[in-house]
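Every number here is computed from the coordinates shown, using simple stated rules; none is lab data. Please read all numbers here as calculations on a predicted model, not as lab measurements. No Cβ is skipped: glycine too gets one built from the backbone with ideal geometry, and neighbour counts run over all protein chains shown.
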């Protein structure tokens, strides 16, 4: 399907050429498509998580409770937890060869699996604190994304630093799975929030700059929009999960 800029017929501002107006309108349409994909995926994830959390049969299929009262996961639970990583790798490495329909299907499948894997938050935390954390995350994400889109400062250096920090907290999280240190867990959560707040701005600016670098047709823009939405979706979800560790009220 041919990509048509919905703003292309708008009247051009005084002193600006028609091509410049079309280019800016194309950028707005491109970013709007990314945010629409992202928001739709977040809505899908939330609905799936809420429905699954209220399904006793599903909860029994993915969670087990040992004699000490500690909750664990069944084989199906581990599969649901790990499967999104496989879909991300498939989408990242194979999107150039995929049709738009296939890429969209993988993207929506990923959002669905994330929703299924997030059912535990409704078991551990109260619904009120989950909602409160979501709105705080949405406000923070929105502010940082707007800043990343509008700032004239090059955020590339900051982005590289944050990616190194992300690798560091992934390693620290794996180590803490064996150490069970509450102090390390708190430090990881603090750093996690800070890193994904910064990455939101960096990724937004990167996606904006990619539009100027693509210069391609409808298929390329559509595929980049899907990958861009996936990037911002992951920034949002991770920021939300780290914030929930601070703001979430645990059920008794």
Original post:
Where is the GNM fluctuation largest for the chain (alpha-carbon springs, 10 angstrom cutoff): 204, 137, 64?
Top reply: 64
**OP:** Just subtract the alpha-carbon distance of residue 78 and residue 28 from 0.36 nm times their residue separation and send over the number in nm, one decimal.
**Re:** 14.0 nm
Original post:
Using the Kirkwood formula over every pair of different C-alpha atoms, what hydrodynamic radius in Å results for the range 18-247?
Top reply: 19.1 Å
Original post:
Can you work out the FRET efficiency for the pair residue 156 and residue 47, with r the C-beta to C-beta distance and R0 = 35 Å, to the nearest 0.05?
Top reply: 0.45
Original post:
Say R0 is 30 Å: what FRET efficiency, to the nearest 0.05, do residue 104 and residue 171 get from their beta-carbon distance?
Top reply: 0.35
Subject >> Theoretical FRET efficiency, 1/(1+(r/R0)^6), r = Cβ-Cβ of residue 206 and residue 65, R0 35 Å, to 0.05 >> reply: 0.20
Subject >> Rounded tilt (10° steps) of 75-94 against the dominant C-alpha axis of the chain >> reply: 20 degrees
Subject >> Relative contact order of the chain, pairs being alpha-carbon contacts under 8 Å that are 6 or more residues apart, as % >> reply: 28 percent
**OP:** Between residue 213 and residue 54, with labels modelled 7 Å along Cα→Cβ, what's the label distance in nm to one decimal, could you check?
**Re:** 4.4 nm
